[in-house]
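Inspection log for the structure reproduced underneath, given as structure tokens.
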Amino acid sequence: MQRAPRPNPYRDTWCGDLNAEHAGRAARVSGWVHRRRDLGGLIFIDLRDRSGIVQLVFHPDTSGPAFAAAERLRSEHVISAAGEVVRREESTVNPNIATGEIELAVTQMDVLAASETPPFPIDEDGPVDETLRLRHRALDLRREGMRDAMVLRHDVAQTMRRVLNERDFLEIETPILTRSTPEGARDYLVPARVQPGSWYALPQSPQLFKQLLMMAGFERYYQIARCFRDEDQRADRQAEFTQLDIEMAFVDEEDVIDVTEAVMGAVFEVGGLGVAAPPWPRMSWKEAMGRFGSDRPDTRFGLEISDVTDALRGSEFKVFESVIDRGGVVRALNVGAREMSRAELEGLNEVVQRHGGKAVAWAFVESGGGWRSPIAKFFSDDQRAAATAALQAGEGDLLLFVADAEDVAAPALGALRLHLGDRFDLIPADRHDALWIVEFPMFERTDGGWTALHHPFTAPRGSFEDPGALLSRAYDLVVDGWELGGGSIRIHTPEVQRQVFTTIGLSEEEADQRFGFLLDALRYGAPPHGGVAFGLDRIIAVMAGRDSIRDVMAFPKTASGADPLTGAPAPVDQAQLAELGVRVTVQPEQTA
Ligand code: ASP
């Protein structure tokens, strides 16, 4: 710790700060009983506070009444103990903990609070049922892994603030009770008592407010902001999450990327994540989709996707031909000289089907350029040779093909690639890759029209004549296949903003109703501006080596959005509803 606690009747030092230099001195510590051992007339207690653990020793001759009291101590009792810091005998030194050379020979002890037997052990970091952990979160957070994650989270947040403060950014808060800010999810709504029938929305991001702050002349803004998105349950998403939100005025992509690399470079250093120092490489969205089948490619391993449409065009294989005729593509992976059983190969269909694909065709390259494959007979020697060459394949290599519309084939192969990376252990655990994805499409097709791929405030690049061909000035930072953050240069004229609203199917009236305040502000001199946002939870999870962001949040919810700790969400009183003018038309679901 950086500073000793002010001496009071509970303690005058942190447990974890005591070491051999303190030998011979009196000390008083407070904390939780981490572990207790009775050894041949001596009682040892590992006492834990936030700083760490120190060993207390109780001796029947010298500890007085504290010895009898120590016999009754149990795990997680809270005590204050005083005595002399003494060096341990050589043979009992514990090199694994900072205080391992000493112990506190206790002469006086107060039991401040007793603990019932905890529902799971606190002194080890083993697996425990997650619902149980969340229900007893105060206990779970006492465990070393969780404590470390919270400390890391704090360090990361402070690093972000430090780097941005040094660069003249201002930290400004934006409202939680507001109107909808579209980021592609459903809003959480809060009924307004003072205006019955009206609702606030919780922000999906501070997007519009940070843009208004640029129009207000603040030039450089940041906030570690809470965002709320009511998304259909997907693994490892949280209804509320934290992001580092940044916005700057009079900038282009290079300025935002430059600041971001300074912030995130420092963050990765603090977290000890071995990412190469910035600047980080950039890859266009098109290239990422083509080579990796993903807009957040995991570039730590090869197994890249190749296009074999031209090589296999005009074959007898009806399945491929009809796809090609309809303007689709045939893409493939060279898995290398790896064996997979028939059953396993068939199982790959399921992997692509989860991503809208239909099936995977396979072939093993034989000596002389032939293929061992159920589809080999449909192709001429030339076609097989051309495909084998395009895939840079040789004898024994396994080739996997997916034929489909381009926007289906790419993600299907992307998923297949990740599956195989996992299956054949191709991802080096100690390597971490950061890269920027740039040149995104501005719009994405929906059933009836277009939707903004990033959000509708992102500046387009090109002409609106063909919305499908329009690129945007957006950028995403991807690390190890995770999109850690993203942002864009924004639209700063009302005309272009209206054009985007029109393209995504908002009538002028709707646009005025929902975003009138933005359009209004844009009319009074908006500077060119842009920004970015980073998901703090994911960053910490990656750096802490945790699979779940729930393990780096103090009080997360389960995957289904429930909070086993408080029981939220929960029905409310009839009277409360009446006051809000709200009537519930469904039976509240019984929660376990
Ligand atoms: N508002 C965006 C988001 O939350 C980030 C940005 O464009 O700055 O994803």
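Assuming 0.36 nm per residue, please report the length gained on full extension of the stretch Asp125 to Glu346 beyond their Cα-Cα distance.
75.7 nm
Take the Cα atoms of the chain, build their convex hull, and give its volume per residue in Å³.
On the way: hull volume 135.6 nm³, N = 592.
Considering the Cα atoms of the chain, their hull volume per residue is 229 Å³.
State which helices in the chain qualify, where a helix is a whole DSSP H run, it must extend 20 Å or more along its own axis by its Cα atoms, and its mean Kyte-Doolittle hydropathy must be at least 0.0. Could the numbers behind the result be given before it?
Details: long enough: 144-166 (33 Å, -0.60); 253-270 (25 Å, 0.65); 406-423 (25 Å, 0.08).
Span-like helices, by this rule, are 253-270, 406-423.
Counting Lys +1, Arg +1, Asp -1, Glu -1, what net charge surrounds Arg143 among other residues with beta carbon under 11 Å of its beta carbon?
On the way: positive: Arg48, Arg133, Arg137, Arg142, Arg147; negative: Asp123, Glu124, Asp125, Asp140, Glu144, Asp148, Asp551.
Once all neighbours under 11 Å are counted, the net charge is -2.
What percentage of all Cα-Cα pairs in region 238-352 are separated by more than 24 Å? Could you put the intermediate results ahead of the total?
Details: 3539 of 6555 pairs.
Result for the distance tail: 54 percent.
How large is the Kirkwood hydrodynamic radius of region 50-195, in angstrom, based on all distinct alpha carbon pairs? If you can, show how the numbers build up before the last one.
Numbers: mean 1/r = 0.0489 Å⁻¹.
One over the average 1/r among Cα pairs gives 20.5 Å for region 50-195.
With every atom except the alpha carbons ignored, what do you get for Rg and Dmax of region 301-455, in angstroms?
Rg and Dmax of region 301-455, Cα atoms, are 16.6, 52 Å.
Find the Cα radius of gyration of region 432-510, compare it with 2.2 N^0.38 Å by division, and give the number to two decimals.
Numbers: Rg = 13.6 Å, N = 79, 2.2 N^0.38 = 11.6 Å.
With N residues counted in region 432-510, Rg over 2.2 N^0.38 Å equals 1.18.
Which whole-percent values make up P(r) of region 541-592 when all C-alpha to C-alpha distances are grouped in 10 Å steps starting at zero?
Using 10 Å bins, I get a P(r) of 20, 34, 26, 14, 6 for region 541-592.
For region 1-71, compute Rh as the Kirkwood radius over C-alpha pairs and then the Stokes-Einstein diffusion coefficient at 10 °C and 1.306 mPa s; write the answer in µm²/s, rounded to an integer. Don't skip to the answer; put the middle values down first.
Working: Rh = 13.0 Å.
Approximately 123 µm²/s, per Stokes-Einstein.
Report ³J(HN,Hα) in whole Hz for each residue of region 271-282, in order, from the Karplus equation J = 6.51 cos²θ - 1.76 cosθ + 1.60 where θ = phi - 60°; Gly and Pro get x.
For region 271-282, the Karplus-derived couplings read x, x, 8, x, 8, 4, 5, x, x, 9, x, 10 Hz, x marking Gly and Pro.
Got the relative contact order for region 342-409 handy, in percent, Cα pairs under 8 Å and 6 or more residues apart?
On the way: 80 pairs, mean separation 23.4, N = 68.
Taking the mean separation of contacting Cα pairs over the length of region 342-409, I get 34 percent.
How big is the shadow of the Cα convex hull of region 141-250, averaged over all directions, in nm²?
9.7 nm²
Consider all pairwise Cα distances in region 433-592 and report the whole-number % of them above 19 Å. The partial results should precede the final answer.
Details: 8841 of 12720 pairs.
Roughly 70 percent, rounded to a whole number.
D for region 97-148, whole µm²/s, Stokes-Einstein with Kirkwood Rh over alpha-carbon pairs at 20 °C and 1.002 mPa s: what number? Walk me through the numbers on the way to the answer.
Values: Rh = 13.5 Å.
This corresponds to a translational diffusion coefficient of 159 µm²/s.
Cα-based Rg (one decimal) and Dmax (whole number) for region 112-191, in Å?
Rg then Dmax for region 112-191, in Å: 19.4, 51.
Can you list the lysines whose alpha carbon is less than 19 Å from that of Lys377, not counting same-chain residues fewer than 8 positions off?
Of all the lysines, those that pass the test against Lys377 - Cα under 19 Å, at least 8 places apart if same chain - are Lys318.
If you take every residue apart from Gly462 with its C-beta less than 13 Å away from the C-beta of Gly462, what net charge results, scoring Lys and Arg +1 and Asp and Glu -1?
Values: positive: Arg461, Arg473; negative: Glu439, Glu465, Asp466.
Local charge sum for Gly462: -1.
Which net charge results when you count Lys and Arg as +1 and Asp and Glu as -1 among the other residues whose beta-carbon is under 13 Å from that of Pro60? Walk me through the numbers before you get to the answer.
Details: positive: none; negative: Asp38, Asp61, Glu71.
Here the count lands on -3.
Per residue, how big is the convex hull of region 425-474 when only Cα atoms are used? Give it in Å³.
Roughly 123 Å³ of hull volume per residue.
None of the figures in this text is laboratory data; all of them are computed from the coordinates on show. Just so it is clear, the structure is predicted and the values come from calculations on it, not from any experiment. Here Cβ is always computed from backbone atoms with ideal geometry, including for glycine, and neighbour counts include all displayed protein chains.
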